[in-house]
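Notes for the one structure printed next.
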Amino acid sequence: MEVNRQILIEAIWETLYMVSIALFFGAILGFILGITLVVTRKGHILENKVIFSIVNPIVNIFRSIPFIILLVAIIPFTRLIVGTSIGTTAAIVPLVLHVGPYISRLIENSLLEVDDGIIEAAKAMGATPFQIIRKFLLPEAFPSLILSVTTATIGLIGATAMAGAVGGGGLGDVAITYGYQRFDNVTILVTVVILVAIVQLIQSIGNIFERKLRRVG
Amino acid sequence: MIEFRKVSKRFVTGKRTITALEDVELTINKGDIFGVIGFSGAGKSTLIRTVNLLETPTSGEVLIEGKNLQKISKKELREEKKNIGMIFQHFNLLNSKTVFENVAMPLLLSKHTKKEVEQRVLEVLQFVGLEDKVKSYPDQLSGGQKQRVGIARALVTNPSILLCDEATSALDPQTTKSILQLLKRVNEEYKITILIITHEMEVIKEICNRVAVMENGRVIESGNILDVFSNPQTETARNFVSSVVHDEIPQSVYRLMEIHNGRSHILKIDFVGLSSGQPIISQVAKKFNVDVNILFGNITELQSIPFGNLIVEVVGDSIEVQKAIDFIQSDTVNVKEVLGHGSKQTNFDRSNLGNVVHG
């Protein structure tokens, strides 16, 4: 059986659409949560036990729910946000909730790598907490943040494969419905090759940016 | 002026309480280069951080120009911090920014025009001698250059106080000297009061006019540098002083004494103050019937005043030698016989030797 080119091209667009929109909102969510996790922790610039002990477990809960479960579990919430629970757009809501907490942990790690001395210098200059985040922490962690977002994007591509469960389409859906369920190994192979190519491309772009920013090589 | 009034700081970790500072009383005058020396863990790092409230005292108060910064609003405090520059042992520069951007940072935190910033940044970079490194990144600079960037960054807001937290501890001796000379210029040309904490007596000797010695969170000794160096009151202070002013008697002198005997006397002459500019040795040789032979000497300069000691061999009659000793002895010169024929001080000084050698 021949792979339908039209279907594949459509699936690539669906995947890219879901990944880019989910990444955009997921990154916003992830940055907010990640920065919160860093600055509210003990001894940091906006130490706040209450906020930290609320945000921290929430992130853990979302991180531990398998995506396929999350996808169906939040259907009512999805309907509330985008008006429907089926289709590509509907898949984006659970994707954001899945990747946001993931990105927040990566960002948390990147920000914690910044030398405490930088924060001390900023405080000595009389910087406000917002200025410390904006002008010291984020610029210093920027190369590492780029790598974090790259990693998250690749994780997101994997998650979109499950979007078929709510009619989201995409390459993963094609591999399952046209390949796996019809015993069509060629289709499976082709979709896998395309996915590998996309992942490679994203990783390379991420690495190039990171190297440029670190001014090495 | 910085005043510490009964400043204490306690850290509570779990059930243990660590006292980092205990009842510290110190006054740092305008224009001072004030050094605080102590071993690691003595509390000096905490002390310097209470000045710009990176650490808040548990009790007592720190006054800057008579003002307690703990009692003003956060906004006012941020304003006051622009008056207190700080440099660090590990420089704490932003690696993602150029030298120019690093130095400009304190100005960018409040409203300044682009032109103002550029002018001021180039001015301070010129002062520290890095005008050709404007576009470099910190990882392209040597340690000494990084600290110069740190100093430029601290000066850019025109502060009246500069805090130096082990600023030369990560640098080699040569670079340390040049950074200290730069700090001296900062003090002289900008009239900036400098508070330095260090564990290196060399730093104190090189540029400070006053010094405090800390141990276990307390200031155990403080005063004019000449007084502390010439007459240290505590064991710790003595150890620090002997690390830069070697007043031990070298082994070679003892060996020499075993050869000479009879008419030879060994004197140790301590100089404190201006008298070392006077030709004491040659006067002694002229006035009395003795021969003077300099065996060992260690004269250094503190605050442009010569300071140190000479170990001389005086050969002659005991009576003549005694006359010579009486002649040399004065307010600013202290002389004692170290090792002579039948001298009782011999044993004393030998036992002292082991004590000072390790410093």
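Just so you know, all these numbers are worked out from the coordinates, no wet-lab data involved. Worth saying up front: this structure is predicted, and the values here are computed from it rather than measured. Every residue, glycine as well, gets a Cβ built from its backbone with ideal geometry; the counts of neighbours run over all protein chains shown.
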Quiz item: Between A:Gly117, A:Gly87, A:Gly168, which gets the highest mean-square fluctuation from a Gaussian network model of chain A, Cα cutoff 10 Å?
Solution: A:Gly117
Exercise. Counting only C-alpha contacts under 8 Å and six or more residues apart, can you give the relative contact order of the range A:5-214 as a whole percent?
Key: 27
Quiz item: R0 = 25 Å: FRET efficiency of B:Ile281 with B:Ser304, Cβ-based, nearest 0.05?
Solution: 0.70
Self-check item: Note, ³J(HN,Hα) from phi for the range B:40-47, Karplus 6.51, -1.76, 1.60, rounded to Hz, x at Gly and Pro
Solution: 5, x, 6, x, 5, 5, 5, 4
Quiz item: Can you put A:Thr160, A:Thr40, B:Thr58 in order, fewest other beta carbons within 10 Å first?
Solution: B:Thr58, A:Thr40, A:Thr160
Quiz prompt | Top positive-direction residue, dipole computed over chain A with Cβ charges, set A:Val99, A:Thr177, A:Ile146 | solution = A:Ile146
Quiz item: With θ set to phi - 60° and the Karplus curve 6.51 cos²θ - 1.76 cosθ + 1.60, what are the ³J(HN,Hα) couplings of the range A:37-49 in order, to the nearest whole Hz, using x for Gly and Pro?
Solution: 4, 6, 6, 8, 6, 4, x, 8, 5, 10, 2, 8, 4
Self-check item: For chain A, built as a Gaussian network whose Cα springs stay under 10 Å, the top-fluctuating residue of A:Arg134, A:Arg105, A:Arg41
Solution: A:Arg134
Practice problem: Before rounding to the nearest 500, sum -39500 (n - 2.57) across all DSSP H runs of length at least 4 in chain A and divide by the residue total; then give [θ] at 222 nm in deg cm²/dmol. | Solution: -24500 deg cm²/dmol
Quiz item: To the nearest whole number, what is the average tally of beta carbon atoms from other chains within 10 Å of the beta carbons of peptide A:127-139?
Solution: 3
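Ranked by Cβ crowding within 10 angstrom, fewest neighbours first, how are B:Ser142, A:Ser110, B:Ser230 ordered?
B:Ser142, B:Ser230, A:Ser110
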Quiz item: What average number of partner chain Cβ atoms lie no more than 10 Å from the Cβ of the residues making up B:84-92?
Solution: 4
Quiz item: What lysines sit close enough to B:Lys71 to cross-link, taking a C-alpha to C-alpha distance under 26 Å and skipping anything fewer than 8 places away on the same chain?
Solution: A:Lys42, A:Lys49, A:Lys123, B:Lys6, B:Lys9, B:Lys30, B:Lys44, B:Lys81, B:Lys82, B:Lys111
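When DSSP assigns beta bridges and you keep just the ones with both residues in the protein assembly as shown, what percent turn out antiparallel, to the nearest 5? Please report the intermediate quantities before stating the final value.
Working: 49 of 67 bridges.
DSSP beta bridges in the protein assembly as shown are roughly 75 percent antiparallel.
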Quiz item: If amide H atoms are built 1.01 Å from N in the plane of the peptide, which residues on other chains or at least 5 residues away come under 5 Å of the amide H of B:Glu221?
Solution: B:Val213
Exercise. Take every DSSP beta bridge with both residues inside the range B:2-244 and express the antiparallel ones as a percent of the total, to the nearest 5.
Key: 55
Quiz item: Ranked by Cβ crowding within 10 angstrom, fewest neighbours first, how are A:Ser20, B:Ser45 ordered?
Solution: A:Ser20, B:Ser45
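Peptide B:280-292: average number of partner chain Cβ atoms within 10 Å per residue? Before the final figure, lay out each step's value.
Working: counts 0, 0, 0, 0, 0, 0, 0, 0, 0, 0, 0, 0, 0.
For peptide B:280-292, the averaged partner shielding equals 0.
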Exercise. Could you work out how far the C-alpha centroid of the range B:164-206 sits from that of the range A:172-204, in angstrom?
Key: 65
Quiz item: Once every DSSP H run of n ≥ 4 in chain B is given -39500 (n - 2.57) and the sum is divided by its residues, what mean residue ellipticity at 222 nm do you get, rounded to the nearest 500 deg cm²/dmol?
Solution: -11000 deg cm²/dmol
Quiz item: Once the dipole of the range B:57-206 is set up with Lys and Arg at +1 and Asp and Glu at -1 on Cβ about the Cα centre, which of B:Leu130, B:Val156, B:Gln145 lies farthest towards its positive end?
Solution: B:Val156
Quiz prompt | Per-residue HN-Hα couplings for the range B:196-211 [Karplus 6.51, -1.76, 1.60; θ = phi - 60°; Hz; x = Gly/Pro] | solution = 10, 10, 7, 10, 9, 5, 3, 5, 4, 4, 5, 10, 7, 9, 9, 9
Quiz item: Can you give the relative contact order of the range A:27-147 as a percent, counting alpha carbon pairs under 8 Å and 6+ residues apart?
Solution: 31
Quiz item: In percent, what relative contact order does chain B have, based on Cα pairs under 8 Å that are 6 or more apart in sequence?
Solution: 17
Practice problem: Starting from the amide H of A:Gly169, placed 1.01 Å from N in the peptide plane, find each other amide H under 5 Å away whose residue is 5 or more places distant or on another chain. | Solution: A:Gly164
